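Following: one structure in structure tokens, then a few remarks.
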Amino acid sequence: MSEAKSPDTLVTQPDRGHSPDTQTGDSGPIYDTIIIGAGMSGIAAGIRLAYYDQRVCILEKHYTIGGLNSFYRLNKRDYDVGLHAVTNFTEKGAKKGPFSRILRQLRFKWEDFALAPQRRSRIAFPEIELHFTNDIEQLTAEIGQKFPHCVDRWQRLVGSITDYDDLDQAAFEISARQRLEEALGDPLLINMLLCPLMWYGNPREHDMAWGQFCIMFRSIFLEGFARPYRGVRLILKNLIKKFRALGGELKLRHGVAKILTENGWAIGVELENGNRIYGKRILSSAGLVETLRMCDQTSEPDPRMAGQMSFIESISVLDRQPEELGFADTIVFFNDSPDFHWTPPADELCDVRTGVICSPNNYDYDLQEGQLPEGIIRLTTIASFDRWNKLDEATYRREKFRWYDRSVASCVRFIPDFRPHVIDIDMFTPTTIRRFTWHENGAVYGAPDKKLDGTTHIPNLFLCGTDQGFVGIIGAMMSGISMANQHCLKD
């Protein structure tokens, strides 16, 4: 496939009165597919389409790739953005599961991701804990020991989740709390199961869509956690290398201001610098509300469509390995009462009653690569975007230090106290997420109501990524591939 010429200064309109699939420009390229956003879903979709000789252009507003799963360098250290774990892990040679499908659809080798499995993780509530690994039998044994009256009901629940259809929109919307009450009946066990699944993929407050619960249950408990030794940069490097090798175009610092329409069809985009780029169809990973705003700038989308769940996350660099301090778990999901509360704080900047503690050191890395050179503790707690967004710069900086201290004080009730060994700190807030991803409210998991088929009110404009329905690194790539297959490979 020959590489398309640069479209940066295109101003030629396509022929009028025709479906976009038959448009031709007077000069320059008209792309088969324009993809908005160079996150995992957008890049995976671009690779899939480029394999079929489509002329594809990915437009990214930021100066780097990855979206919510990016990386940066600070004080001569490399940091991942938000990466606790890659979910949906399967061992080399496995034929089933989303990870195996991604390898086949994008034609990667298992080694291109080089994922190391978790050691052991933990759900920690007051006076009771559930340990789990990438083997569901470990969790089943824990439930059998600590909730013996629920064992048979648990086994039936696992069977029903295994058979769940991810794209069944009607079943997707059922209340997870209601289904779990019917299936298990024990409020504490229900809250303990909801805790990690909500933390790793739930945009709804208080409750969780049954479909989202099933997707996350399979990705965490039936498949499992893993991590590449060199972090998310290895995955992104291999994805972009393949996309460009197939002739795909990636344009950084090319923010989309407007989606251009004609006769009810999308015909291209107008960039923030005023230039226009034309295409037969558009696949947007920007988010539902954000995409609708690009379509119609005369009215604001209903703010209730955007998610509210956002977080603060701190990264503490230690002078020794966490295991030397007695912390050997990969991830700890903690909650300090029998009731699990999942909603932005009403009266504070953060809610540190619940959180996620992860050490990237505590994975089973290959002996040839060895252990990570420095100890790392990542800590995430719930935060209010609205409250952080209202702070002036001086107050914002002061509150970051204050809430780092409060969140760490909360988490060391559940793991050994690492504070005397901290040698460096970085931290992001909901406004950081908003600034670098442009997601409304800094919402990490997007809109509460997912659009599983990816369609919009415009026939050739489609969604992929978080607001389509799949979350996490593997989920996002699977979303991009699925939407590309379903909507962009018809001609």
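FYI, it's all coordinate maths here, none of it is from the lab. Nothing here was measured: the structure is a model prediction, and the numbers come from that model. Positions of Cβ are generated from backbone atoms using ideal geometry, with glycine treated the same way; all protein chains shown enter the neighbour counts.
Partner lysines whose Cα lies under 28 Å from the Cα of residue 92, excluding those fewer than 8 positions away in the same chain, are identified as 109, 237, 241, 242. When you work out D = kT/(6 pi eta Rh) for the range 121-223 at 10 °C and 1.306 mPa s, using the Kirkwood radius from C-alpha pairs as Rh and the Stokes-Einstein form, the result is 115 µm²/s.
Tell me the trypsin sites (Lys or Arg not before Pro) within the range 26-102 that lie in a loop according to DSSP and have at most 16 other beta-carbon atoms within 10 Å. Counting only loop positions with at most 16 other Cβ atoms within 10 Å, the trypsin sites (Lys or Arg not before Pro) in the range 26-102 are 76, 92, 95, 96. Computed from these coordinates, which is Cα extents along the principal axes in Å: [x] 77, 48, 47; [y] 70, 52, 49; [z] 71, 48, 41? Checking each listed value against the structure points to [y]. Which of the GluC sites (Glu not before Pro) found in the range 101-168 are in a DSSP loop and have at most 11 neighbouring Cβ atoms, other than their own, within 10 Å? Here the GluC sites (Glu not before Pro) that fit, given the DSSP loop and packing criteria, are 127. Give the separation of the Cα centroids, the range 359-382 to the range 149-196, in Å. Going from one Cα centre to the other spans 31 Å.
Dividing the summed -39500 (n - 2.57) terms of all DSSP H runs of n ≥ 4 by the residue count of the chain sets its mean residue ellipticity at 222 nm at -9000 deg cm²/dmol. Distance from a point 7 Å along Cα→Cβ of residue 336 to each backbone N in the range 95-124: keep the residues under 18 Å and list them by number. Residues passing the 18 Å test: 123-124.
Of the residues 52, 439, 414, the one whose Cα sits farthest towards the positive end of the charge dipole of the chain is 52 (charges of +1 on Lys and Arg Cβ, -1 on Asp and Glu Cβ, taken about the Cα centre). For the range 121-223, a simple Cβ point-charge model (Lys and Arg +1, Asp and Glu -1, everything else neutral) yields a dipole of about 160 debye relative to the Cα centre.
Of the beta bridges in the chain, as assigned by DSSP with both residues counted there, near 70 percent are antiparallel.
Which residues does a label at residue 423 reach in the range 62-91, if reach means a backbone N under 13 Å from a point 7 Å past the Cα toward the Cβ? Only 76-77 fall inside the zone, counting backbone N under 13 Å.
Label sites at residue 451 and residue 78, each approximated as a point 7 angstrom past Cα along Cα to Cβ, lie 3.6 nm apart. The charge dipole of the chain, taken about its Cα centre with unit charges on the Cβ of Lys, Arg, Asp and Glu (plus for the first two, minus for the last two), comes to roughly 1200 debye.
Grab the beta carbon distance between residue 52 and residue 174, set R0 = 25 Å, and tell me the FRET efficiency rounded to 0.05. Computed FRET efficiency for residue 52 and residue 174 comes out at 0.10. Residue separation of residue 402 and residue 95 scaled by 0.36 nm, minus their Cα-Cα distance, works out to 105.7 nm of gained length.
Note on the range 317-351 and the range 65-141: Cα centroid distance 18 Å, given to the nearest whole angstrom. Among the trypsin sites (Lys or Arg not before Pro) in the range 409-488, those placed in a DSSP loop whose Cβ has at most 14 other Cβ atoms within 10 Å are 413.
Compute the FRET efficiency between residue 304 and residue 486 as 1/(1 + (r/R0)^6), taking r as their Cβ-Cβ distance and R0 = 35 Å, and round to the nearest 0.05.
E between residue 304 and residue 486, to the nearest 0.05, is 0.80.
For the chain, what's the relative contact order in percent, using C-alpha pairs closer than 8 Å and at least 6 residues apart? Once normalised by length, the contact order is 23 percent.
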